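Read through the structure below, which is laid out as C-alpha cells, and then see the notes.
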Amino acid sequence: MKDARPAAPLPIVVLISGNGTNLQAIIDTIARGRLPAQIRAVISNRAQASGLDRARRAGIPAEIIDHTRYPDRDGFDAALQAAIDRYHPELVVLAGFMRILTPALVKHYHGRMLNIHPSLLPAFPGLDTHRRALAANVKEHGVSIHFVTDQLDGGPVIIQKAVPVLPGDGASALAARVQREEHRLYPRVIRWFAEGRVKLHNQQIMFDGAPLTVPLAGESA
Ligand code: GRF
C-alpha cells in the first residue's frame, strides 16, 4: 500500500555573505509549495549581509558568525560547523557565501553541501567572474551548481545553464542575466536532492540512479 503521508521536508541550512537573492528564491519556492524543504537557519559571516533581513522577514533563525573575530580559518570553521550542526541539516546550501572553507569542514559535509557559482565551470573559478568573462571575450557565460569538495569551485558539477554574452554588456548586465537563471536553477537542484534524485557517491554524482558523466544542461530534467 502506498504511504499517503508526504515525506518530511528536507532540513537545510543556508550560508550567505551578502544580498541573498538566491536565498530569497529558495524561500519563495518553498512558500509556493514547490520545494519540499525547510530552512532551519541562515548563517552569515557578515553582520551587514542584507540576506539576513530576508531570513528574518520569513521567520527563519538568522545567525552571524563573524569571521573577523576568529584568529584563523580553523577557528572560524569550527565555530561555523558547530552552529550549522545545531540545526541538524541534511543539506548545507552555500548561496553567495564568500569564505574559503577548510578541508576538514568540507569533508564533514561531503555529499551534503552545494554551491552555486556564477560561471560555466571549469571556466572562471574564484571571484569577479562576470568581468573576467567579458575580458576574455567569451560568447557564453552562465552558472554552475556543484557539490563542494576541497577544490575551490572544483567539485562535481550537477547542472549548468549558459546565457549569451550580448554586445554592449557590462559586468552588471551580464550578472543580472546570470542571476535570473541562478534563481530558477538552485531551488530545482535542491528539490532533486530532497527527492533523492541527485546524490554524491564518493566523487561521482548519481542522477536518477545512474552516474552523471557530464553536467546536466539547464533545460534538462
Ligand atoms: C551569486 O551570483 C552566486 O552565484 C555567487 O554569489 C552570488 C550571490 O548572490 N556564489 P546573492 O547573495 O544570492 O544575491
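Scanning region 86-135 for residues that are among the small types (Gly, Ala, Ser), more than 13 Å from the ligand (Cβ to nearest atom) and touching a residue at least 12 places away in the same chain (Cβ under 8 Å) yields Ala104, Gly111, Ala123. Restricting attention to region 56-70, does a residue exist that is out of contact with any Ser or Thr (no Cβ under 9 Å at 6 or more places or on another chain), of a type in the set (A, V, I, L, M, F, W, C) and not in a loop (DSSP other than H, G, I, E, B)? So far as region 56-70 goes, no, none of its residues is out of contact with any Ser or Thr (no Cβ under 9 Å at 6 or more places or on another chain), of a type in the set (A, V, I, L, M, F, W, C) and not in a loop (DSSP other than H, G, I, E, B). Only residues that are without any contact (Cβ under 8 Å) to a residue 24 or more places away in the chain and outside any strand (DSSP E or B) were counted in region 198-210, giving 3. Assigned to a loop (DSSP other than H, G, I, E, B), within 16 Å of the ligand (Cβ to nearest atom), modelled with pLDDT of 95 or more and in contact with a Leu (Cβ under 8 Å, 6 or more places away or on another chain) - does that describe any residue in region 148-155? Yes, region 148-155 contains a residue that is assigned to a loop (DSSP other than H, G, I, E, B), within 16 Å of the ligand (Cβ to nearest atom), modelled with pLDDT of 95 or more and in contact with a Leu (Cβ under 8 Å, 6 or more places away or on another chain). Among the residues of region 16-55, the ones that are within 14 Å of the ligand (Cβ to nearest atom) and part of a loop (DSSP other than H, G, I, E, B) come to 9 in all.
Among the conditions (1) in contact (Cβ under 8 Å) with a residue 12 or more places away in the chain; (2) in a helix (DSSP H, G or I), Ala173 misses just one, which is (1). If the condition is being touching a Phe, Trp or Tyr at 6+ places or on another chain (Cβ under 9 Å), charged (D, E, K, R) and part of a loop (DSSP other than H, G, I, E, B), then region 75-119 contributes Glu90, Arg99, Arg112. Pairing residues of region 20-31 that are among the aliphatic types (A, V, I, L, M) with residues that are assigned to a helix (DSSP H, G or I), at Cβ distances under 6 Å and at least 6 apart in sequence or on separate chains, gives Leu23/Gly51; Leu23/Arg54; Ala25/His183; Ala25/Pro187; Ile26/Pro187.
The values are calculated or read from the model by the stated rules, or taken from the named source; none is laboratory data. This is a predicted model, so every value here is computed, not measured. Here Cβ is always computed from backbone atoms with ideal geometry, including for glycine, and neighbour counts include all displayed protein chains.
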